Amino acid sequence: MHTQFDSWTQRTYIFICNWLLPLGFVALLVGLAALPERSLYHKVFYALIAVPALLALIMRPRSSGALWLDPVIIAFLIFSTWALISVCWSDTDQSFSTLFKRPLYILMLFAACALMALQPNARLAYSTLLAALIMLPLTTYSLVLFVTNWTPGARLVGDGALDNPLLSSHLFGFFCVLWLALSMTLSPRQSWPALIAAVLMGLALMATGSRTPLVAIALACAWLIVACWSKRSAWLLLSGVLMLLALVLLYPELLSSRGMSYRPELWAKTLSKVAQQPWQGFGFGAHLAIFIPDLNVSFREPHNFALGVLYYTGIIGLALWLTMHGLALFQCWKHRSNYLFVVCGALLVYGISAGLTEGGGILSRPKEHWMVTWIPLALIAALSIRMRQTQRAQS
C-alpha cells in the first residue's frame, strides 16, 4: 500500500512539473492577449500554477529544498514578510488574509519556475519559447486590426483581456526583448527569425504610443551589447542609433507630444507623503491618492515602482526590493557565459527600466506588471537553482 502511494505521488509530481506547470506558464505569459477577460486569466493561474505548485512542494519537500536557499527567493521572502508586517500600521480596508494571498501567489510563481527548471527536459525554456511563438500570430492579428481601423491619435491596445495601451506595452515589450536577446545569443541561422520576430513585437510596442518602454528597450539593448560583446553588439549599437535618429526625424511627436505626462508632479507629491513616514512607510495596502489639479484627477499609483515600494514599505522595504533585484542582476552577470542568463538579464533590465515611470502597486495578483517585475525575477531564480543543482551533481 505504501509502495503504491509512493508510486502515485511520484507520477503526480512528474505530471505537475512536466505538463501542468508548463501549460500554466504559457497561459500566464500569453493569457492577457488570448483570454477574453481578466477573471478567467486569474482562474487559469490559480488552477495551473498556484495550486499545482503548492501541491508539488507538499508532495516532494526534500526535492524543493533548493528553492529556499536561492538568494533571490530569500530576499523576496524577507521583503514579503516586511510588507505583511507593515499591515499593522496600514489604513487598508482589505483583510489580512486577502493581502497574505498576494505574496503567496508570487511565491508559487517562483516555485513553479524552479520546479520546471529542475526537470531534465528543459520544460521552462521550452514553455517560454512556446509562449513567444504563440504571441506572434496574436500580435500580428492585433496589428492588422489596428492598421485597418486606424484613426488619428489612436493607440494599439491589443486583443483579449488587454484594455490599456500603456499596460499592453509591458506585454509587447517583454516579448520584444525576449526575441531580441535570442537574436543576439543564438546561432546565426537561428538569429534571423528571432530578429524578425523582435521587429514585429517592436512595431506593436511603438503602436501602443508608450514612450517609457522605448527607453527600457534601449537599456536592455545596452545590457545585451555589454553582456554579449561580439560583432553582433556593434550591429545592435548601430541599429539602435539609426532607429533613434529615424524616430526623432520622422516621428518626433511620439517622443514629445505628451510631454512628461505629469510624472514629475506625481513623484514630487509622492515623496512629500513619504517624508511623513520615511522608514516604515504607510503599510501594505494603504490608501494612496495623488491629486493633480490640472487634470482634476486623483491617481492611486505614483507611476514608479520604486516610489510605490517606498510609499508602502518605506526605506527598509525599498532596500530589500533593491537587494532582490541587485542579487538577480548579479547572477545574470556572473553567469553571462550561459545565454539563458543573458536573455533573462535583458528581461530584468527592461523591467527595471519600464518601472521608472509606470506602476507603483506591490505584490499584486497576476497582471501586466508581472511581465516587468516578478516573471523576470522568477526566471533568474529558477536558472540559478538549476545551475547549482547541476554543479552539485557534477562535483
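The values are calculated or read from the model by the stated rules, or taken from the named source; none is laboratory data. As the structure is a prediction and not an experimental result, all values here were calculated from the model. Positions of Cβ are backbone-derived with ideal geometry, glycine not excepted, and every protein chain shown enters the neighbour counts.
Worth a mention:
- Residues satisfying the stated conditions in segment 323-348, i.e. within 30 Å of Ser272 (Cβ to Cβ) and free of Cβ contacts under 8 Å to residues at least 12 places away in the same chain: Gly326
- Pairing each residue of segment 149-174 that is part of a helix (DSSP H, G or I) with any residue that is of a type in the set (Val, Ile, Thr) and surrounded by fewer than 20 Cβ atoms within 10 Å (Cβ to Cβ), provided the two are 6+ apart or on different chains, yields C-beta distances under 7 Å for Pro165/Val157; Ser168/Val157.
- Residues of segment 184-199 satisfying the condition of being touching a residue at least 12 places away in the same chain (Cβ under 8 Å), assigned to a helix (DSSP H, G or I) and more than 17 Å from Met371 (Cβ to Cβ): Met184, Thr185, Ser191, Ala194, Leu195
- Any hit, segment 148-159, residues being at pLDDT below 90 and buried (at least 22 other Cβ atoms within 10 Å of the Cβ): yes
- Filter pass, Leu48 being among the hydrophobic types (A, V, I, L, M, F, W, C) and either surrounded by fewer than 21 Cβ atoms within 10 Å (Cβ to Cβ) or in contact (Cβ under 8 Å) with a residue 60 or more places away in the chain (or both): no
- Ala234 meets each of the listed conditions (1) more than 17 Å from Tyr350 (Cβ to Cβ); (2) of a type outside the set (S, T, N, Q); (3) at pLDDT 80 or above apart from (3).
- Some residue of segment 127-139 being within 28 Å of Ser80 (Cα to Cα), buried (at least 21 other Cβ atoms within 10 Å of the Cβ) and in contact (Cβ under 8 Å) with a residue 12 or more places away in the chain: yes
- Test: residue in segment 1-15 that is under 30 Å from Leu138 (Cβ atoms), under 22 Å from the mean Cα position of the chain (by Cα), assigned to a helix (DSSP H, G or I) and not charged (D, E, K, R): no
- Residue match in segment 381-392 (condition: within 30 Å of Ala122 (Cα to Cα), charged (D, E, K, R) and crowded, with 18+ Cβ neighbours inside 10 Å): yes
- Among the residues of segment 70-93, those identified as closer than 29 Å to Met387 by Cβ and touching a residue at least 12 places away in the same chain (Cβ under 8 Å) are Asp70, Pro71, Val72, Ile73, Ala75, Phe76, Leu77, Ile78, Phe79, Ser80, Trp82, Ala83.
- Any hit, segment 110-132, residues being of a type in the set (Lys, Arg) and farther than 30 Å from Arg60 by Cβ: no
- Sole exception among (1) surrounded by 16 or more Cβ atoms within 10 Å (Cβ to Cβ); (2) more than 18 Å from Phe79 (Cβ to Cβ); (3) among the polar types (S, T, N, Q) for Thr373, by number: (2)
- The condition (being crowded, with 22+ Cβ neighbours inside 10 Å and modelled with pLDDT of 95 or more) is satisfied by just one residue among Leu347, Leu340: Leu347.
- Exclusive hit being over 25 Å from Ala378 (Cβ atoms), of a type in the set (S, T, N, Q) and either buried (at least 21 other Cβ atoms within 10 Å of the Cβ) or at pLDDT below 90 (or both), set Ser298, Ser353: Ser298
- All positions within segment 137-159 that are within 11 Å of Ala33 (Cβ to Cβ) and within 22 Å of the chain's Cα centre (by Cα): Pro137, Leu138, Thr139, Ser142, Val157, Gly158, Asp159
- Single match in Ser256, Ser210 (criterion: small (Gly, Ala, Ser), under 25 Å from the mean Cα position of the chain (by Cα) and modelled with pLDDT under 85): Ser210
- Residue that is surrounded by the fewest Cβ atoms within 10 Å (Cβ to Cβ), among those in segment 187-227 that are among the hydrophobic types (A, V, I, L, M, F, W, C) and closer than 10 Å to Gly173 by Cβ: Leu214
- Some residue of segment 315-322 being aliphatic (A, V, I, L, M), closer than 18 Å to Ile375 by Cα and surrounded by 22 or more Cβ atoms within 10 Å (Cβ to Cβ): no
- Residue list for segment 279-293, filter: surrounded by 13 or more Cβ atoms within 10 Å (Cβ to Cβ) and closer than 16 Å to Ile316 by Cα: Gln280, Gly281, Phe282, Gly283, Phe284
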